[in-house]
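Presented below is the structure to which this report refers.
The values are calculated or read from the model by the stated rules, or taken from the named source; none is laboratory data. Every value quoted in this text rests on a predicted model; they were computed, and no experiment measured them. Here the Cβ is made from the backbone with ideal geometry for all residues, glycine too, and neighbour counts use every protein chain on show. For accessibility, only protein heavy atoms count, side chains too; no ligands or nucleic acids. Shrake-Rupley method; radii C 1.70, N 1.55, O 1.52, S 1.80 Å.
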Amino acid sequence: MTLLRVDDLEVSHGPLQALWGVSLTISAGEKVGLLGANGAGKSTTLGAIVGHYPAQAGRIQFDGRDETRSDVNSRLSCGMALVPEGRRLFVEMSVRENLEMGAYLAGPRRALAQSLEQVFTLFPILKEKERQAAGTLSGGQQQMVAIGRALMSRPRLLLLDEPFIGVAPLIIRDVMQALAQIAADGITIVLVEQNIHRALEFVERAYVIENGKTVLEGSRDHLLSDPTFGAKLLGLD
Ligand SMILES: Nc1ncnc2c1ncn2[C@@H]1O[C@H](COP(=O)(O)OP(=O)(O)OP(=O)(O)O)[C@@H](O)[C@H]1O
Ligand SMILES: [Mg+2]
């Protein structure tokens with residue numbers, strides 16, 4: 001079953017057009033990567049999917065419904081959640097308060113205790129630090145809070161924008177394992193990741209975005225055997 005379908009998406013930031021035709025088809029339960037050079041449009045794509053940026057052309061469908069013009073809260077309530085670039089935590093608030101923020105809509109609010117339990121099972125260190133200000137945590141622990149906050153909205157689709165930036169190498173493995181567990185629990189994952197080998201180790205297939213367009217798509221083996229893959233990743237093709 002197709003969970004997310006994006007057709008020929010175009011998005012501008014003010015006068016600057018960032019996306020010129022992004023198309024993605026993602027099935028429920030898949031783990032999919034989004035690769036591309038700096039400035040290619042990966043973050044803009046994720047932001048447009050969750051409704052932070054309006055589509056000026058193209059279409060976004062989720063679970064068979066057209067969501068192209070719906071607002072951020074409707075997309076959140078139908079099951080999309082973004083772990084944004086740079087985490088965006090409330091650093092002065094406690095870990096637990098940050099997590100609770102993820103459950104502000106009525107449905108997730110009712111399931112708050114159960115969701116918190118699930119996040120603490122996934123990231124036990126957050127239970128130990130639940131009363132501490134989020135800003136006092138390590139980079140990796142803050143990333144766990146950002147992922148946990150997204151999970152508190154009980155998503156069906158989790159979009160992650162470079163979740164390993166600022167995370168110590170030893171902790172990257174823990175976070176990867178948690179993401180694998182989240183996927184095993186049935187949540188569909190779209191991962192933006194700069195480290196191609198790390199990304200392709202985790203996802204089943206990936207799209208390459210170059211200059212605001214999806215230009216290549218396929219499994220790890222398919223991508224690695226495509227002679228244009230390297231140039232497209234660098235935005236030189
Ligand atoms: N808020 C914004 N205002 C103006 N221009 C923006 C904004 N966000 C992104 N851009 C521009 O849109 C284009 C796409 O940026 P985007 O952040 O989506 O790329 P990216 O693939 O995520 O890059 P990176 O790997 O550096 O995170 C770039 O030219 C960027 O400068
Ligand atoms: Mg980005």
- For S23 and E217 in the same chain, what is the full-extension length gain: residue separation times 0.36 nm, less their Cα-Cα distance, in nm? 68.8 nm
- Task: Could you tell me what percent of the accessible area of region 26-160 is made up of carbon and sulfur, with a 1.4 Å probe and every protein chain present?
- Result: 48
- Semi-axes of the equivalent ellipsoid of the chain: what are they in whole Å, largest first, if each equals the square root of 5 times a C-alpha gyration tensor eigenvalue? 28, 21, 16
- Near F90, within a Cβ-to-Cβ distance under 11 Å, what is the net charge of the other residues, with Lys and Arg +1 and Asp and Glu -1? 0
- Message: Taking 8 Å as the Cα distance limit and 6 or more residues as the minimum spacing, I'd like the relative contact order of region 138-237 as a percentage.
- Response: 21
- Taking every DSSP bridge whose two residues both lie in region 2-234, the antiparallel percent to the nearest 5 is 55
- Query: Based on Cβ point charges of +1 for Lys and Arg and -1 for Asp and Glu, what charge dipole magnitude is obtained for region 2-234 about its Cα centre, in debye rounded to the nearest 20?
  - Reply: 400
- What pairs from K42/K232; K42/K127; K31/K232 go past 25 Å between their alpha carbons? K42/K127
- Message: Can you give me the angle between helix 112-122 and the longest principal axis of the chain, using Cα atoms only, in degrees from 0 to 90, rounded to the nearest 10?
- Response: 70
- Task: Return a whole-number percent for the relative contact order of the chain, with Cα pairs under 8 Å and 6 or more residues apart as the contact set.
- Result: 28
- Query: Suppose R0 equals 30 Å; then what is the FRET efficiency for E128 and E85 from their Cβ-Cβ distance, rounded to the nearest 0.05?
  - Reply: 0.65
- With a point put 7 Å past each Cα toward its Cβ, work out how far R65 is from Y104 in nm, to one decimal. 2.1
- Write down the accessible area per residue of region 106-189 in Å², having rolled a 1.4 Å probe over the full set of protein chains. 44
